[in-house]
Amino acid sequence: MVEKTLFSKETQFQETDIGRIPQEWQVTTLSNVAEIRGNRRISNFKQIAFIPMALVPDSHLFAKYEMREKEQVKSYTYCEAGDLLLAKITPSLENGKQGIVPSDISEGVALATTEVFPIRSKGIDTLFLFYVLKFSKFRNKIISSMIGTTGRQRASKEGVERLKVPLPPSYEQRGIVEVLSCVDLAIQKTDEVIAKTERLKKGLMQKLLTEGIGQKEFKETGIGKTPRHWEITKIKSIALDKKGAIKIGPFGSQLKKNELAPEGIKVYGQENVMKNDFALGNRYLTVEKFQTLKGFELYPKDVLITMMGSIGYSTPFPDNVERGIMDSHLIRIQIDKSRILPSFLSRLVNDYGSIRKQIQSMSQGAIMSGLNSQIVKNIRIPLPSIEEQQKIVDVLSIADKRLEVERKQKAKLKRIKQGLMDLLLSGKVRVRVD
């Protein structure tokens, strides 16, 4: 049984280099309780478990691995089951990438990317150290000591070894781990539900956009199989028949200071569309500047598409947000709502495989992919009746609502975990294991 005593009368605190901690705790350097493994040659393996950076988690406890032919692994970091892998390169370190080498690797040995430190605990519980290094208070100390050129900075071995960490009694380390790992397990279960729901949604989308709802006759088209009576058309045919129906924003992310204001007419950009969050951002235009750009004002149900870098993300402009205009990283489509639903068009752009291929093949730019209004106008789309579009959107909305619930639950669990880490790793809340 795990009991928590909040600010127990028996607890006496001490001031230390890492802040206020219980009197029974110690402060030590990581090098006193763990070691960063040196590399070593591996010769007696034909195949071996390999852990690339992509399989080092940013939110789970254990890393994953893939089996590779030993001779194909040219550079590596040696590690063993139970080692803690800590990312050392930007932005992986800042993004929280770290994980424990799983116990089911062959012979207890694995190879990992050279951009991690394999840490073996010798005087501290490995999972307790995992949470210490995950906690921003200590992780930020490592981040602040990174060296190297911008964009390629790395933590140094010496900087990690010098990190000062709290060292509670071993029984209290285990109690803290038990509490935090329960929350991590709940987060992992939520991630599994999210992944399963996303797969379900993807399968539904593919089925509905190739077979429709209740359709029995089909035809092969330039964008794949569709129900026989569906129209295949281009986006320009469903845009309003007036000048400016498909338009690119008037300026980039940089505006002159005298054109900006603390409040006024909001400027929306790529991040708003990619995250489907129109509360983000704090760029506003003066009323005077807005009057010269009023033709770029956004209206409810305008379909927005990102056009630079991360291209082809789409969402309709909501009807309950601040008045605003778009910047030059967005394309706006004012559509004929008697022919297509804004939400249906956005789903096509985001998820329909044939349209994604068209966007990728027609995008331009030697350094950064980009769209323009001419490309968007000529994207070919399937066009069911409005009634069938609505049915498709309604079915997919069920999956969307489930995903929204699970993502909110995950965000809540992560906030709980951060709060618990602050309380438990500082000793403000004590854990006793009976």
Evaluate the relative contact order of segment 279-434 (contact order divided by residue number), counting alpha-carbon pairs under 8 angstrom at least 6 apart; express in whole percent. 18
Derived scalar couplings ³J(HN,Hα) [segment 16-29; Karplus, 6.51 cos²θ - 1.76 cosθ + 1.60; whole Hz; x for Gly, Pro]: 9, 5, 10, x, 7, 9, x, 4, 6, 7, 10, 10, 9, 8
Grab the DSSP H runs of the chain that are 4 residues or longer, score each as -39,500 (n - 2.57), total them, divide by all residues and round the 222 nm result to the nearest 500 deg cm²/dmol. -10500 deg cm²/dmol
Output wanted: per-residue J couplings in Hz (rounded whole) for segment 408-422, from phi through Karplus 6.51 cos²θ - 1.76 cosθ + 1.60, θ = phi - 60°, x for Gly and Pro. 5, 5, 4, 4, 5, 4, 5, 5, 4, 4, 4, x, 5, 4, 4
Need one number: nm distance between label points at Asp319 and Met274, each 7 Å from Cα along Cα→Cβ, rounded to one decimal. 2.9
For the chain, the dipole about the Cα centre with charges only on Cβ (Lys and Arg +1, Asp and Glu -1), to the nearest 20 debye, works out at 880
Which net charge results for the neighbourhood of Leu167, defined as the other residues with beta-carbon distances under 11 angstrom from its beta-carbon, given Lys and Arg at +1 and Asp and Glu at -1? -2
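Remind me, relative contact order of the chain in percent, using alpha carbon pairs under 8 angstrom and six or more residues apart?
Values: 753 pairs, mean separation 79.4, N = 434.
Relative contact order of the chain: 18 percent.
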Spacing of the two label points (7 Å from each Cα toward its C-beta) at Glu71 and Ser103, in nm: 3.5
Where Rh is the Kirkwood radius over the Cα pairs of segment 69-224, the temperature 4 °C and the viscosity 1.567 mPa s, what D in µm²/s does Stokes-Einstein return? 67
In sequence order, what are the phi-derived ³J(HN,Hα) couplings for segment 300-315 according to the Karplus relation 6.51 cos²θ - 1.76 cosθ + 1.60 with θ = phi - 60°, rounded to whole Hz, with x for glycine and proline? x, 6, 4, 8, 9, 9, 6, 10, 10, x, 7, 8, x, 8, 9, 7
Simple spin-label estimate for Tyr171/Ser310, 7 Å along Cα→Cβ, in nm, reads 4.9
Taking amide hydrogens as modeled 1.01 Å from N in the peptide plane, which residues meet the under 5 Å criterion relative to Thr315, leaving out close sequence neighbours? Leu304
Please arrange Tyr299, Tyr313 by how many other C-beta atoms lie within 10 Å of their C-beta, fewest to most. Tyr299, Tyr313
In a Gaussian network model over the chain where Cα atoms closer than 10 Å are linked, find which of Ala411, Ala261, Ala399 has the largest mean-square fluctuation. Ala261
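Nearest-5 percent of antiparallel DSSP beta bridges in the chain?
Numbers: 58 of 65 bridges.
The antiparallel proportion sits near 90 percent.
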List the residues, sorted by chain then number, that are 5 or more residues from Ser156 or on another chain and whose placed amide H is less than 5 Å from its amide H. Ile147
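In segment 170-267, what trypsin sites (Lys or Arg not before Pro) fall in a loop by DSSP, with at most 16 other Cβ atoms inside 10 Å?
Working: sites: Arg174, Lys189, Lys196, Arg199, Lys201, Lys202, Lys207, Lys216, Lys219, Lys225, Arg228, Lys234, Lys236, Lys242, Lys243, Lys247, Lys256, Lys257, Lys266; in loops: Lys216, Arg228, Lys242, Lys243, Lys256.
Within segment 170-267, the qualifying trypsin sites (Lys or Arg not before Pro) (loop, at most 16 other Cβ atoms within 10 Å) are Lys216, Arg228, Lys242, Lys243, Lys256.
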For a footprinting-style exposure proxy, rank Thr149, Thr114, Thr315, Thr286 by other Cβ within 10 Å, fewest first. Thr149, Thr114, Thr286, Thr315
Just how large is the dipole of segment 80-205 about the Cα centre, in debye to the nearest 20, putting +1 at every Lys and Arg Cβ and -1 at every Asp and Glu Cβ? 520
What is the local net charge at Lys201, summed over the other residues whose Cβ is closer than 9 Å to its Cβ (Lys, Arg +1; Asp, Glu -1)? 0
Match the structure shown to one of the listed values (i) 214; (ii) 128; (iii) 192 of volume of the Cα convex hull per residue in Å³, computed from it, and give that label. (i)
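About the Cα centre of segment 231-383, how large is the charge dipole given +1 on each Lys and Arg Cβ and -1 on each Asp and Glu Cβ? Please answer in debye to the nearest 20. Could the numbers behind the result be given before it?
Numbers: 22 positive and 14 negative charges, 89 e Å.
Charge dipole, segment 231-383, about its Cα centre: 420 debye, nearest 20.
Rounded to the nearest 0.05, what FRET efficiency do Ala81 and Glu24 give with R0 = 25 Å and r taken as the Cβ-Cβ distance? Could you check?
The computed FRET efficiency comes out at 0.20.
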Check which residues have an amide H placed less than 5 Å from Ile335's amide H, if you skip close sequence neighbours. Leu240, Val303
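Report the local net charge at Ala54: Lys and Arg +1, Asp and Glu -1, summed over other residues whose C-beta lies under 15 Å from its C-beta.
Numbers: positive: Lys64, Arg68, Lys97; negative: Asp58, Glu66, Glu115.
Every neighbour counted, the sum reads 0.
Find how much the distance from Asn378 to Ser59 grows on full extension, using 0.36 nm per residue of separation minus their present alpha carbon separation; answer in nm with one decimal. Spell out each step's value before the answer.
On the way: separation 319, 0.36 × 319 = 114.84 nm, distance 4.11 nm.
This chain segment gains 110.7 nm when fully extended.
Quick note: the coordinates plus some simple rules give every number you see, no bench work behind them. Values in this document were obtained by computation on a predicted structure and should not be read as measured data. With ideal geometry, Cβ positions are generated from the backbone for all residues, glycine too; neighbour counts draw on all protein chains shown.
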